[in-house]
Amino acid sequence: MSTTLELDDQGTRTTGGPQVHPITDTIGADITGLDLENLTPRDIRFFRQAVLDHCVVRLRGYSIDDDKQVELGRYIGALTGSSVRRDKEFDWSKKYPELVVISNIKENGETIGVLENGELNWHTDLAFDEVPPSLSLLRALEVPESGGNTGFANMYKALESLPPRLRQRITGLRLKHQRSHDAQGRPRVGFEHLSADDVSALPGPVHPLVRTHPDSGREALYLGRRFGGYIMGLDVAESEELLDELWHYGTLPENTWHQEWQVGDMMVWDNRSTMHRRDNFPAEQRRRMHRIVVLGSKPY
Ligand code: SIN
């Protein structure tokens, strides 16, 4: 896929229709002027190209509901769900099984969504699947007064930031992305019997540490999430040491930007070229986000 955008010196599209406005030099752009009621194939190509170029795009000031979010996701690709088994069934999954509510809001004493209000460490969505998603679309319905920002890291830049000896060292190495435990080290449903003491023994798909983006052709560092990662063929101690070093470069502040949410914002990010994280926020402040993910391809 390649479309050429007509951009001025600031990277702003100069022709009519949708425009892309970079938020930082490193990552993130706003898209204005999209007519979501009358999307054309050209708009969709424009949108996909903007995500490719800026890794993360923001739609702000649009009127987007669940139907529109799902429609946009389906224009971009096939929607997919999470392979993680949940210990309860949520009402929201009945209309759109692919839609996930991320929220700390409680109704009748029960949280209405997942991931609640704690900090979420840097990660890439569903890297522990054999075929992880390409894009994620996250929309804010309620935002807290403080906290709850979502940070994004550019993983092309992370790879470029590695010292040459480290870049050389990871050539050809592959990382196992364990799928049995969550980011806090708690076993997921169905894996309660597994201890995470030996990360090399945990189940999960193996992906290259450096992946080639299938659309841009560029190489990016692909770390997934820190907890339980294991670099194949190394001693666990050596793998841990190397991962710590890679994670340092993977999250350099100069390669990141944090989104401060407004109600109605929708962020669309490319899981093949980014990681993201979330700040915690006060438990008594409501936050409600709806997320869908688009099917990707096996990393190579
Ligand atoms: C996520 O990690 O997909 C959720 C991010 C957020 O809640 O901001």
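The values are calculated or read from the model by the stated rules, or taken from the named source; none is laboratory data. Because the structure is predicted, anything quoted here is derived from the model rather than measured. No Cβ is skipped: glycine too gets one built from the backbone with ideal geometry, and neighbour counts run over all protein chains shown. The accessibility values were calculated without ligands, DNA or RNA, using every heavy atom of the protein model including side chains. Shrake-Rupley method; radii C 1.70, N 1.55, O 1.52, S 1.80 Å.
Within region 36-53, the set of residues being within 13 Å of Leu135 (Cα to Cα) and open to solvent by less than 60 Å² (accessible area, probe 1.4 Å) comprises Phe47, Gln49, Ala50, Val51, Leu52. Only residues that are surrounded by 21 or more Cβ atoms within 10 Å (Cβ to Cβ) and in a loop (DSSP other than H, G, I, E, B) were counted in region 229-247, giving 1.
From Ala140, Ala158, Ala127, which residue is crowded, with 17+ Cβ neighbours inside 10 Å and outside the structural domain of His276 (by TED's automatic domain parsing)? Just one listed residue meets the conditions, Ala158. Residues that are of a type in the set (Asp, Glu), within 16 Å of the ligand (Cβ to nearest atom) and within 17 Å of the chain's Cα centre (by Cα) were ranked within region 120-169; the one that is nearest to Trp247 (Cα to Cα) is Asp125.
Residue-by-condition table, conditions (1) within 26 Å of Leu166 (Cβ to Cβ); (2) of a type in the set (Phe, Trp, Tyr); (3) open to solvent by 20 Å² or more (accessible area, probe 1.4 Å); (4) not in a helix (DSSP H, G or I):
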site	(1), (2), (3), (4)
Tyr249	yes, yes, yes, no
Gln262	no, no, yes, yes
Arg286	no, no, yes, yes
Ile292	no, no, no, yes
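Among the strands (runs of 3 or more DSSP E) confined to region 91-184, the ones with at least 2 residues that are of a type in the set (Gly, Ala, Ser) are located at 135-142, 150-154.
Of the candidates Glu107, Glu89, the single residue that is modelled with pLDDT under 90, in the same structural domain as Asn271 (by TED's automatic domain parsing) and more than 16 Å from the ligand (Cβ to nearest atom) is Glu89.
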